[in-house]
Amino acid sequence: MRPLVLAAASLLLPGSLLPAQQPAQPSVHVFRGATILPIVGAPIENGVLVVRGTTIVRVGPAGTAVPAGATVHDVAGKVIMPGLVDTHSHIGGGSGADRSSPMQGGVRVLDAIDVRSDGIQRAQAGGVTVANVMPGSGHLMSGQTAYIKLRDGRTLADLLVCRDVLTEVCGGMKMANGTNPRGQPPFPGTRAKSVALARDKYVKAREYQARVKAAAGDSTKLPTRDLEMEALGEVLAGKRVVHFHTHRHDDILSAIRLRDEFGFRLVLQHVSEAWKVADEIGKAGVPASIIVIDAPGGKEEAIDVSITNGAALEKAGVLTGFHTDDGVTDSRFFLRSAGLGVRAGMSRDKALYAMTMAGARMLDLDKRVGSLEAGKDADFLVLSGDPLSVYTHVEQTWVDGAKVFDRKDPKDRRFAVGGEGAATDQTLHVHEGMEDHE
Amino acid sequence: MSVAARDGVQGLTRVMAAAVIAGVVGGAAPGVAEAQVAVRGETVYTMAGAPITDGVVIVTDGRIAEVGPAASVRIPQGYRVLTAKVVTPGLVDAHSVVGLAGALATNNDQDQLERSNPIQPELRALDAYNAEDKLVGYLRSMGVTTLHTGHGPGALVSGQTMVVRTVGDHIGDALVDSATMVAFTLGQGVTSNFSPRSPGTRAKGVAMLREQLVKARDYARKQQGPEDKRPARDLGLETLARVLDGTLPALITAQRAPDILAALRLQQEFGFRLVLDGAADAQLVLPEIVAAKVPVIVHPTMVRPGGETANASLETAKALRDAGVLVALQSGFEGYVPKTRVVLWEAAVAAANGLTFDQALRTITIDAARVIGQDRRVGSLERGKDGDLALFDGDPFEYTTHVCAVVLGGRVVSEVCR
């Protein structure tokens with residue numbers, strides 16, 4: 001829900017008064033009576049969750065000490081779990097690279113995200129609290145991704161996980177192989193060419209990195225600044241994770257081979273044929289974020305996609321997460337990924353871990369989000385029942401201790417259910433390189 | 001990959017192979033003995049009366065011979081007995097393009113929409129059906145035994161639809177009804193598909209349809225006249241004439257309110273049998289839909305909201321049902337991923353958003369069968385109907401429940417839990 005109250009307040013108050021306001025005491029919320037699924041640690045029946053300001057301060061059984069003056073929420077019969085982490089989304093409608101070249105690591109999707117897009121509100125309705133917003137897959141490298149928290153906000157700065165886009169790493173790097181990036185030159189026409197182009201780029205990035213290092217801070221010896229090379233320097237230094245769109249079993253291994261050669265940190269994305277090479281992924285120690293699709297196909301390289309991927313990866317010991325690829329799938333139904341994962345053989349624990357902590361780890365945010373533990377960000381969901389059940393609704397979504405979705409609020413409910421005026425925009429997945437999706 | 005691994009994914013390789021060896025794939029050819037099957041379920045949803053606790057369905061020679069509580073129904077000697085927690089009729093997908101729109105989504109396997117002309121009622125679905133497409137087997141493994149499939153949305157008249165069973169090596173094995181409806185579409189989708197040709201606007205599209213229907217009426221009248229004055233045979237007009245005489249319902253896909261109203265207006269003017277399809281804006285024109293007494297095949301519950309379906313709602317089915325409209329659900333058309341939806345999951349989400357369990361199950365069984373004119377054969381478990389059943393290990397709608405067996409025409413066509 002958008003903070004319309006803020007806008008109203010600023011009409012009533014002289015603007016100059018706003019900064020002078022006393023910082024409010026952090027509000028304290030206590031949620032009592034729910035089954036709490038902390039994800040790290042066993043479920044707590046009739047649990048207590050205490051939130052102060054933006055942070056979780058206590059998670060425990062009935063009788064856990066509750067601070068005086070707290071707002072108490074009786075949520076008996078409900079289920080509380082951490083907010084969902086979507087490791088691959090296109091909410092906010094941003095595109096990255098354009099058609100001028102197949103690799104544009106200097107482009108940032110954060111420069112194109114519309115935080116007022118109602119796709120973000122539908123994601124809040126689906127329980128998503130953190131998303132890795134990616135540029136498209138029509139390029140070998142379509143640009144830098146943005147890690148956002150789904151706070152209600154006016155500008156992107158209100159949503160970004162990082163504080164300063166110039167000095168911090170605020171996302172990952174999107175790469176892709178297989179058929180989406182193929183096209184007329186300068187785009188690659190074959191798989192081998194795709195890999196050669198990517199290798200060539202990383203060789204250059206290494207050289208650039210070496211020259212930066214050799215300059216040892218002497219500005220006269222630094223190479224001419226190159227934004228793409230700087231971002232790839234962060235990739236090579238392990239500060240920026242590569243999120244690699246890949247479907248077919250051989251393409252999955254090609255991505256791992258690139259990782260082996262250049263030593264970057266890799267998260268496999270989609271991984272449609274993971275079940276064919278799960279052991280290889282496991283041996284490589286590479287995390288995989290998968291997507292649940294209702295039926296196989298839609299394009300040739302996804303013809304063998306299977307909801308058994310989660311089970312196969314779990315068996316192979318792979319850190320496994322889920323994503324929506326919104327708008328390929330709809331964030332409102334993200335939670336069904338876990339249910340369908342369990343249907344196809346995942347354990348309940350790993351399926352719920354995949355929706356939360358696994359994603360947090362893939363985005364380097366596991367110290368802040370992904371589980372309900374004291375000291376972590378107060379990102380959590382109040383569910384009407386078991387998270388694996390189709391009959392369960394997300395009743396409330398909280399981010400940083402603020403309620404951003406409440407099914408009881410008619411405006412919010414409309415984002416969950418739909419209806420007249422609910423969708424004014426649509427997040428379209430951009431596959432610029434594809435001709436008729438072939 | 002191993003056969004077992006492939007089987008785990010797609011499904012039917014092993015079952016189909018076994019069936020081929022046994023020589024039982026295909027339609028109910030006369031004289032070929034069907035397997036004799038008894039299905040016993042802790043709960044049997046017959047869709048004809050209250051659910052039966054500890055029920056038994058006897059399938060003899062491909063048809064249902066008896067349904068009732070285990071205490072009173074004797075399972076004949078020699079019958080294969082399948083058991084399950086929950087038994088339902090085989091699922092009926094009231095509107096699909098599977099078999100015409102293939103799994104690969106390449107130019108070579110998309111036969112649901114011909115763009116050379118916006119009005120082509122003469123295109124028959126049976127001439128483009130690939131019974132072996134991966135998606136047919138996939139839907140079968142998910143409990144779907146009857147598909148209303150054919151030409152898709154996207155043209156003013158894209159062609160005909162048909163009803164198939166989800167078995168067989170070819171159309172001859174699968175076909176149940178060769179011409180079921182004629183597929184019409186109103187709205188923005190049509191104008192963008194045919195740009196820069198006509199129709200370039202909604203109004204032009206309706207005008208073109210009216211013109212063609214007037215022609216068809218005239219054609220039909222002249223065909224009744226003296227032999228020497230009859231016009232040359234025209235396959236398109238002939239088909240539209242069958243819409244006008246009530247033989248074939250018009251399946252009109254219309255999502256936005258103006259398009260729904262235009263469909264109702266056409267129906268009033270020409271008096272054909274109308275089945276409304278999609279109807280994302282149904283709640284905005286509910287009284288008009290109710291007054292027209294037309295059945296509605298609602299958009300897939302989980303359809304992406306945006307563009308034509310901007311007002312789609314998880315509660316569209318409920319709103320229509322509560323207003324007394326005959327409602328079925330559909331898998332619809334998907335251009336990309338997923339290449340088809342699964343009606344079981346669309347009904348599940350409808351059940352979580354206002355429909356009762358029974359109402360939701362009806363949208364993919366008996367009510368779907370009624371809308372496509374197949375309720376005398378399928379859609380419920382009653383004596384004399386086709387032996388089509390889906391077996392589950394729990395509440396069919398739960399994500400964690402599996403479809404553990406599918407019986408189609410008395411043959412067990414899937415028995416791996418999925």
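The values are calculated or read from the model by the stated rules, or taken from the named source; none is laboratory data. This one's a predicted model, so the numbers in the text were calculated from it and none came from an experiment. Cβ sites come from the backbone with ideal geometry, for glycine too, and all protein chains shown count toward neighbours.
For the stretch B:354-363, the criterion of being facing chain A (nearest Cβ under 9 Å) and under 20 Å from the mean Cα position of the chain (by Cα) is met by none of the residues. Take the conditions (1) among the basic types (Lys, Arg); (2) touching a strand residue (DSSP E or B) at 6+ places or on another chain (Cβ under 9 Å); (3) over 27 Å from B:His95 (Cα atoms); B:Lys222 misses just one of them, which is (2). A:Asp366 meets all of the listed conditions (1) in contact (Cβ under 8 Å) with a residue 60 or more places away in the chain; (2) among the acidic types (Asp, Glu); (3) buried (at least 18 other Cβ atoms within 10 Å of the Cβ) but one, namely (1).
Are any residues in the stretch B:216-243 in contact with a helix residue (DSSP H, G or I) (Cβ under 6 Å, 6 or more places away or on another chain) and within 23 Å of B:Leu123 (Cβ to Cβ), and if so, which ones? Lay out the reasoning, then the answer.
Step one: list which residues in the stretch B:216-243 are in contact with a helix residue (DSSP H, G or I) (Cβ under 6 Å, 6 or more places away or on another chain), which gives B:216-217, B:219-220, B:230-231, B:237, B:240-241.
Of everything in the stretch B:216-243, those that are in contact with a helix residue (DSSP H, G or I) (Cβ under 6 Å, 6 or more places away or on another chain) and within 23 Å of B:Leu123 (Cβ to Cβ) turn out to be B:Ala216, B:Arg217, B:Tyr219, B:Ala220, B:Pro231, B:Leu237, B:Leu240, B:Ala241.
Regarding A:Ser306, is this residue more than 29 Å from B:Gly99 (Cβ to Cβ) and either crowded, with 21+ Cβ neighbours inside 10 Å or at the interface with another protein chain (Cβ under 9 Å from one of its Cβ atoms) (or both)?
Taking the combined requirement at face value, the residue does not satisfy it.
Checking each residue in the stretch B:395-418 for being under 21 Å from the mean Cα position of the chain (by Cα) and hydroxyl-bearing (Ser, Thr, Tyr) picks out only B:Ser414.
For the stretch A:124-143, the condition of being at pLDDT 95 or above and surrounded by fewer than 23 Cβ atoms within 10 Å (Cβ to Cβ) holds for none of the residues.
Has the stretch B:37-46 got any residue that is in contact (Cβ under 8 Å) with a residue 60 or more places away in the chain and outside any strand (DSSP E or B)? Outline the logic, then answer.
Restricting attention to the stretch B:37-46, the residues satisfying the condition of being in contact (Cβ under 8 Å) with a residue 60 or more places away in the chain are B:37, B:39, B:41, B:44-46.
Those still in the list that are outside any strand (DSSP E or B) too: B:45-46.
Scanning the stretch B:37-46 turns up at least one residue that is in contact (Cβ under 8 Å) with a residue 60 or more places away in the chain and outside any strand (DSSP E or B).
Here are B:Gly335, B:Gly394: which of them is modelled with pLDDT under 95, surrounded by fewer than 23 Cβ atoms within 10 Å (Cβ to Cβ) and out of contact with any helix residue (DSSP H, G or I) (no Cβ under 9 Å at 6 or more places or on another chain)? Break it down stepwise before answering.
Working: B:Gly394 fails: modelled with pLDDT under 95.
None of the other options fit; the residue is B:Gly335.
Checked against the criterion of being at negative phi, within 11 Å of chain B (Cβ to nearest Cβ) and surrounded by 24 or more Cβ atoms within 10 Å (Cβ to Cβ), the candidates A:Ser337, A:Ser384 yield just one match: A:Ser337. Checked across the stretch B:87-94, the condition of being away from chain A (no Cβ under 13 Å), at positive phi, crowded, with 24+ Cβ neighbours inside 10 Å and modelled with pLDDT of 95 or more holds for no residue. Residues in the stretch A:104-123: is at least one surrounded by fewer than 24 Cβ atoms within 10 Å (Cβ to Cβ) and in a strand (DSSP E or B)? Yes, that holds for at least one residue. Residues that are within 14 Å of chain A (Cβ to nearest Cβ), in contact with a Pro (Cβ under 8 Å, 6 or more places away or on another chain) and part of a loop (DSSP other than H, G, I, E, B) do not occur anywhere in the stretch B:157-175.
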